[in-house]
Amino acid sequence: MNGYYVSGTFKQYESKKYTPDNSVLPEKINAAALYNGVLYIATVTGMFIISGDTISRVFPEFENENITSLLPCGKKQMYISFGKTVCLISDGKCIKTREFGDKVVSVKRSADDLWILTESMIIKTDPLFENDLLARPVEGGTATAFEIFGSGAYAATQTNLSVLHGKRLEWQNIFPDRSGLPQTAINDLKFDSAGFLWFATDLGAYIYDTHSFWLSPEKIAQLPENSVRKICFDGCGGTYFATDAGVAVLKNGETKYYSADRWVTSNKIIDIAVSDDGKLLYAVAANGLSVISVHDTTLAKKAAYYEEQTEKNNIRRGFVAARLPDGSVNITDNDGLWTAWYVAGECFRYAVTGDADALKKARRGMEAILFLENISGIEGFPARAVRYKGEHGFGDGHKEWSFSPDKSCEWRGDTSSDEITGHFFGSFIYYDFCANDEEKAKIRTSICKIADHIIDNSFRLVDRDGKPTTWANWNADLLNHDDRWFAERGTNSLELLMYLKVCEHMTGNKKYTDMYNYYAVEKHMLMNIVKYKIRDAHVCHIDEVLTFISSIVLLMLEKDQTLRKYILCGLDDIIQYEKTERQPLFSFVQAAFSDNDDEIAKGVRSLREMPLDMRTYSSHNSDRKGLIYDTEQTAVFEEPQLKEPLPYHEFNLTRPNKNVFRPDTFGHGAISDGTAFLLPYWFGRYMGILKEASEEK
């Protein structure tokens, strides 16, 4: 180990969504604005406010009016518009109304004047609409957006940008073919505090210095390329964009997206509002309102949250499983593997904290893993999963499910290398970190049964039908000389060496030592693992999971520096290929066992970005412009995918066997467990490569 990362507080985002289904909001919302710390919502049937979790109607005199814009002014006044009408509200009452010649597009207020932009006119009047100081037709067709700054006014039309200037406030026009003005619809204009004019257009966001210099999405990556409807600013340097790819937030020089369905009700955002401190962001879509809040947290607090939620939602008879929307659990082919992840995470937590709760949970999970090895009735053959009466699929006659002798449950066969690797990983970590003498004896017996079953069956798992299972193959001749197993050659070689090393460690039996040395050298499995990751265009991810957890165990046990060299060469090779994923466990394993700690910060960033909402959502990012795609996937019969994964907050909280390079995700509301965070976090803490800032004081 070379270095470590000290993690302090960071910003954590959460979202709450209001739709006609879960609130009194109507079917369509037009706009929103903050007024005295309360959010006002303009809709097709009048105005509403949101205060805390409560949404209620205000100004009943405007019920059934299609309110299109809101302009808060000071602490007591607000202008609203609908159709051709503008109303002044003061102290909660409408005190003045004026109707204009055509539809009102925008209302702006300067210190002493009120500016009204309609589709064809610009009017400068007093705050009570009584004395017009200016009334001039716009030039260039229908007006679409308006902004004032100092004594100047900027109006966007279908063809140009018009600027009122000089003592007589005459129009000067800026055209796309004579400037950097984009030739597209301009939807919103906003001046920032530096005096630069920001454009929301159908071709993305632009910045103009109001003289001759333009910034466009083609020039700087931070500007959204997708259609932008509205722009707003907080009081601490943040810029917010309502786009047709969700909300984009430019802060601290980086733009992040918050898209549907995880963060907002629809990708087509109509309007946005933000608190001055940037801690509350409101995103309006036609089908609902989303409130994205920000608070300070730490990785330790986040770990405690995931711990609590996993216990609440994902524990089933000691196993870890996703909770489906109907309240049932999702029994999968890999219940044993992911339960082993959970067990290992709790063991590392126990080693770091000494918390009896961690020991209790690790023990419960370990008992579930041991049960899988016993239920099949085949010596050393663990089941993939078990299910009981009343659980989904029980007794459906599926050929891979078999009844237990008492018919109380069914167990699933065709067990894979994934499950066996999980068994050895979880069992070893529990054995060394948590087990008492009685438990060690049980684990030792179970693990050796599995190993001996594999050895006695020509390094295969043999199912109840007498046939080898589909993927559980560690036969050296097949791995080395059968081209059908080229993709598993390195990974399964690493797995077998790990199995044998664990058995040697637990028993001291020379049989396992001799076999380990023979297969490592004579069957050149050490050479196989020097480059065990087959370049697969990043479409298969379970092998990475298996190789990293196998590497943890093997590098904890193997003390011979010559043999470690081969394992570490393979580890470096796979991290160089996989580091683009920014998977926390992968980053921390490399840092824990090598002198290369380059990836620690990326792993920490991913832990920070993981969403607190553990439900699975569908998202559609493939319409987002500016994403860079790969084409290697077509060579392995897959669709092209992203060159780089999106930030972790943009997709579901998911285990690292899932493909994070796909721009779109598919979810149905199942509640994931927290092991994707908990195992790498506590492993990093245990290995000393990750520390909390509070520990440094």
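The values are calculated or read from the model by the stated rules, or taken from the named source; none is laboratory data. Note that the structure is a prediction, hence the values are computed from the model and not measured. FYI the Cβ positions are ideal-geometry reconstructions off the backbone, even for glycines, and counts take in every protein chain you see. Side chains included, ligands, DNA and RNA excluded: accessible areas come from the protein's heavy atoms. Shrake-Rupley method; radii C 1.70, N 1.55, O 1.52, S 1.80 Å.
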query = Measuring from centroid to centroid over Cα atoms, what is the spacing of the range 566-582 and the range 41-97 in Å?
reply = 58 Å
task = With everything on Cα atoms, drop me the angle between helix 299-313 and the longest principal axis of the chain, reported from 0 to 90° to the nearest 10.
result = 70 degrees
Order of exposure, largest accessible area first, which applies to E367, E439 with probe 1.4 Å = E367, E439
inquiry  = Can you tell me the orientation of helix 584-593 relative to the chain, as the angle in degrees between its alpha-carbon axis and the longest Cα principal axis, to the nearest 10?
reply    = 50 degrees
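Which whole-number value in Å² is the accessible area per residue of the range 435-522, probe 1.4 Å? Kindly include the intermediate steps, with their values, before the conclusion.
Numbers: 4050 Å² over 88 residues.
Result: 46 Å² per residue.
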note = Among K11/K75; K440/K511; K312/K440; K190/K643; K11/K643; K256/K643, the pairs whose Cα-Cα distance exceeds 23 Å are K11/K75; K312/K440; K190/K643; K11/K643
ask   = In square angstrom, rounded to the nearest 10, how much accessible surface does I542 have for a 1.4 Å probe?
value = 30 Å²
ask   = Excluding ligands, DNA and RNA, what is the solvent-accessible area per residue of the range 255-356 at a probe of 1.4 Å, expressed in Å²?
value = 33 Å²
inquiry  = Order I628, I378, I420 by their accessible area, 1.4 angstrom probe, all chains in place, largest first.
reply    = I628, I378, I420
remark   = Taking Cα atoms, the helix 417-433 axis meets the longest principal axis of the chain at an angle in degrees (rounded to 10) of 80 degrees
request  = With the full set of protein chains in place, find how many percent of the accessible area of the chain is carbon and sulfur; take the probe as 1.4 Å.
outcome  = 49 percent
ask   = Near N22, within a Cβ-to-Cβ distance under 11 Å, what is the net charge of the other residues, with Lys and Arg +1 and Asp and Glu -1?
value = 0
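Calculated from DSSP H runs of 4 or more alone, at -39500 (n - 2.57) each and per residue, what is the 222 nm mean residue ellipticity of the chain, nearest 500?
Rounded to the nearest 500, it is -9000 deg cm²/dmol.
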ask   = What order, most packed first, do the peptides 345-353, 211-219, 645-653 have when packing is the mean number of other Cβ atoms within 10 Å of each residue?
value = 345-353, 645-653, 211-219
query = For the chain, what relative contact order do you get, as a whole percent, if you take Cα pairs closer than 8 Å and at least 6 residues apart?
reply = 12 percent
ask   = In terms of Cα to Cα distance under 22 Å, which lysines are near enough to K84, apart from those fewer than 8 places away along the same chain?
value = K28, K93, K96, K103, K108, K124, K230
Calculated Rg and Dmax of the range 159-251 using C-alpha coordinates, Å = 13.3, 42
